[in-house]
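Heads up: the structure comes next, in structure tokens.
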Amino acid sequence: MYTITIIEDEKQIREYVKTIVSRTFKSLNIDYDILTFASAEDFIGRNNKQPIHLLLLDIELPEMNGIELAQQLAQNTSQIPIIFLTSFEGYMSDAFGINVHRYILKDELERRLPNELTTLVNTHINQRFIRFKVPDTTIRIEANRILYIEQLGRNPYLYLIDGERIKLSTSTLKSVFSELSDKRFLRTNNHIIVNMNHIYSFSSTKVKLHQISRYFEISRRNRNYIIEQYETYLIEGSIL
């Protein structure tokens with residue numbers, strides 16, 4: 001059962017989003033449950049604490065707004081993917097790095113939300129596999145198991161969400177990146193490729209991922225391009 005939570009203070013929009021979500025999950029033939037709340041406070045005080053797989057969150061909520069709620073969830077180590085809903089583009093920079101999967105303007109809901117929901121299902125349920133060459137063989141790894149890839153000495157290494165480290169046969173990080181057709185991966189500097197699905201915080205100088213305390217520096221020379229790529233990822237999504 002895939003549980004989707006919608007937090008939106010305007011009833012008409014809340015029901016509209018619910019209709020789109022229901023229609024999309026029926027078309028994907030996936031069992032689902034939809035929970036709706038009119039405020040962040042109602043969500044926090046809910047009696048039903050069942051696991052949530054996706055949060056559709058209005059930014060312009062009364063009292064505690066959507067970004068404040070997302071920040072609180074992040075402090076509690078929550079990794080619920082969030083799709084922010086808003087009427088204004090200006091909030092995007094505030095939404096950076098709090099496990100935001102995507103950022104959708106409300107007047108684009110009908111056009112964009114079904115595609116983003118399908119992307120999430122493909123990412124978190126079906127899981128795309130990527131092939132990597134390792135000494136003496138080739139392995140297949142679920143793309144979303146990869147936290148980051150780092151060049152150490154003469155070889156790149158995969159770092160997975162379960163803590164496993166895998167040495168690759170490919171000689172350079174540049175070669176690995178050129179072979180990655182998956183748009184969820186971002187090269188932040190000459191030594192690091194990160195999986196944007198696992199970004200916990202993102203600034204103009206560094207990136208932090210979930211599950212690890214380490215920060216990764218963003219290349220000064222390519223800073224504007226890297227920020228632009230992350231913004232594009234938030235708006236358009238990865239191509240699966």
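Nothing in this text is a laboratory measurement; each read-out follows from the coordinates by a stated rule. Fair warning: this is a prediction, and the values are worked out from it, not measured in the lab. Counting neighbours? That spans all protein chains shown, and the Cβs are built from the backbone with ideal geometry, glycine included.
Fully extending the segment from ARG220 to THR172, taken as 0.36 nm per residue of separation minus the present Cα-Cα distance, adds 15.2 nm. Against the chain, whose longest principal axis comes from its Cα atoms, helix 109-121 is set at around 50 degrees.
Taking the alpha-carbon distance from LYS18 and a cut-off under 16 Å, which aspartates and glutamates remain once sequence neighbours fewer than 8 residues away in the same chain are dropped? Correct list for LYS18: GLU8, ASP9, GLU10, ASP31, ASP33, ASP58, ASP107, GLU108, GLU110, GLU116. Note down the magnitude of the dipole of the chain about its Cα centre, charges +1 on Lys and Arg C-beta and -1 on Asp and Glu C-beta and zero elsewhere, to the nearest 20 debye. Charge dipole of the chain: 1300 debye, to the nearest 20.
Anything over 29 Å Cα to Cα? Flag those among LYS11/LYS206; LYS183/LYS206; LYS174/LYS206; LYS167/LYS206; LYS167/LYS208, in the order listed. Correct reply: LYS11/LYS206.
Look at the dipole of the range 131-186 built from charges on Cβ: of ALA143, LEU158, LEU173, the Cα furthest out on the positive end belongs to LEU173. Hull volume per residue, based on the alpha-carbon atoms of the chain and their convex hull, is 128 Å³. Fewest-first ordering of ASP162, ASP182, ASP58, ASP42 by other beta carbons within 10 Å of each residue's beta carbon gives ASP162, ASP42, ASP182, ASP58. Taking the 0 to 90 degree range and rounding to the nearest ten, how far is the long axis of helix 223-236 tilted relative to the main principal axis of the chain, both from C-alpha atoms? Value to nearest ten degrees: 50. Ordered by the count of other Cβ atoms within 10 Å of each Cβ, fewest first, ARG145, ARG165 give ARG165, ARG145.
Helix 11-27 axis versus longest C-alpha principal axis of the chain: approximately 50°, rounded to the nearest ten.
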